[in-house]
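Participant: I am attaching a structure below and will ask some questions about it afterwards.
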Amino acid sequence: MSATTRPATASARHAVIQVDDVVVRYGEVLALDGVSLSVGPGKVTGLIGMNGSGKSTLFKTIMGIVRPDRGSVRIDGADPVPARRRGLLGYVPQSEDVDWAFPVSVRDVVMMGRYGRQGLTRRARPADHAAVAEALDRVELSPYADRQIGQLSGGQRKRAFVARGIAQDARILLLDEPFAGVDKRSEATIVRLLKELADDGRTVLVSTHDLHALPHLADEAVLLLHRILFHGDVSEALRPDNLARAFGLDDADVLGHANSGRANSGRANSGRANSGRAGSGRASSGGGAA
Ligand SMILES: Nc1ncnc2c1ncn2[C@@H]1O[C@H](COP(=O)(O)OP(=O)(O)O)[C@@H](O)[C@H]1O
Ligand SMILES: [Mg+2]
């Protein structure tokens, strides 16, 4: 891959993903309620939250697939839609969002990562074939290249989409629950690849509910429950008081008091959950204005 030849200036000037005060509603449902988040390059950021907390909506908003009702998303300072067209954003959707019966081979899926370079003709050049072959090799799927995507196991399907992002040479990789329903080997392969991609200077945001895997996987963690409850060290994110809030054990907080003192009051180490963190953690306390 040629990523190392890219100038680093853009990522030096901008947080690579910058989400500011984003609100997303689906009819009556408030999916994201004033989310502010900066995700920078060179590390793996884990996004943690219960079902329905807004993780997929946040990914789709960062991709420019869902437009926010309020607030903004900037990708290297630009709108997500042109950033996506420029191939900056690689996306591994959650399984529920993929039509696995679609008649494409594994190789075709990975080749989609090259479409942005192929113009309207979509004629693959030798460099495209080489990038696809290398990406398949990195996710250990070369022997499965000609299978229909739906004929793979859950873990292999995820690896195929990770390969698409690798073939795309995306600077930002968004992975929505890549470990859900995945075998241990696939999980280990994906974790190793994400670390390699981060070490290579890419921005990696990955949602998971596998809390045990988090310390091994991520350099930092974000707790989401329609708002950012916490953004910082993984070990701090995993403290019981923070997990209790993120997983809705204090449901009243969902309704607009996410950062109230009461949320922590019954817990050990209470009160400090957000205190030491940068701006991202503050989104949760701005609820009154939302
Ligand atoms: N297309 C949609 N139409 C209506 N409601 C939706 C849609 N997508 C998500 N939601 C709702 O928005 C909330 C957040 O969902 P989602 O972002 O999928 O959360 P997560 O990925 O954390 O499970 C949930 O209440 C969900 O039911
Ligand atoms: Mg989801």
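Participant: Can you name the number of the only condition in (1) of a type outside the set (S, T, N, Q); (2) more than 16 Å from ligand 1 (Cβ to nearest atom); (3) in contact (Cβ under 8 Å) with a residue 60 or more places away in the chain that K184 fails?
Facilitator: It is condition (3) that K184 fails.
Participant: Inside the stretch 148-206, can you point out the residues that are touching a Gly at 6+ places or on another chain (Cβ under 6 Å) and not aliphatic (A, V, I, L, M)?
Facilitator: Hits for the stretch 148-206 are G154, R164, G165, Q168, G181, D183, S186, G201.
Participant: Only one of A131, A135 is touching an Asp or Glu at 6+ places or on another chain (Cβ under 8 Å), aliphatic (A, V, I, L, M) and closer than 18 Å to L194 by Cα. Can you tell me which?
Facilitator: None of the other options fit; the residue is A131.
Participant: For the stretch 144-187, enumerate the residues that are in a strand (DSSP E or B) and within 16 Å of ligand 2 (Cβ to nearest atom). Full working, then the answer.
Facilitator: Keep residues of the stretch 144-187 that are in a strand (DSSP E or B), which gives 148, 172-176.
Residues satisfying the conditions are L174, L175, D176.
Participant: List, please: which pairs have Cβ atoms under 6 Å, are six or more places apart or on different chains, and start with a residue in the stretch 110-137 that is touching a residue at least 12 places away in the same chain (Cβ under 8 Å) and surrounded by 15 or more Cβ atoms within 10 Å (Cβ to Cβ) and end with one that is outside any loop (DSSP other than H, G, I, E, B) and of a type in the set (S, T, Y)?
Facilitator: Final answer for the pair search is L136/S142.
Participant: Now for a different question. Those residues that are part of a strand (DSSP E or B) and surrounded by fewer than 21 Cβ atoms within 10 Å (Cβ to Cβ), I need them from the stretch 188-233; list them, please. Walk me through how you get there before you give the answer.
Facilitator: First pass over the stretch 188-233, keeping only residues part of a strand (DSSP E or B): 203-207, 220-224, 228-232.
Residues satisfying the conditions are E220, G232.
Laboratory data are not the source of any read-out in this text; all were calculated from the coordinates shown. In this text, all values refer to a predicted model and were calculated from it rather than measured experimentally. Counting neighbours? That spans all protein chains shown, and the Cβs are built from the backbone with ideal geometry, glycine included.
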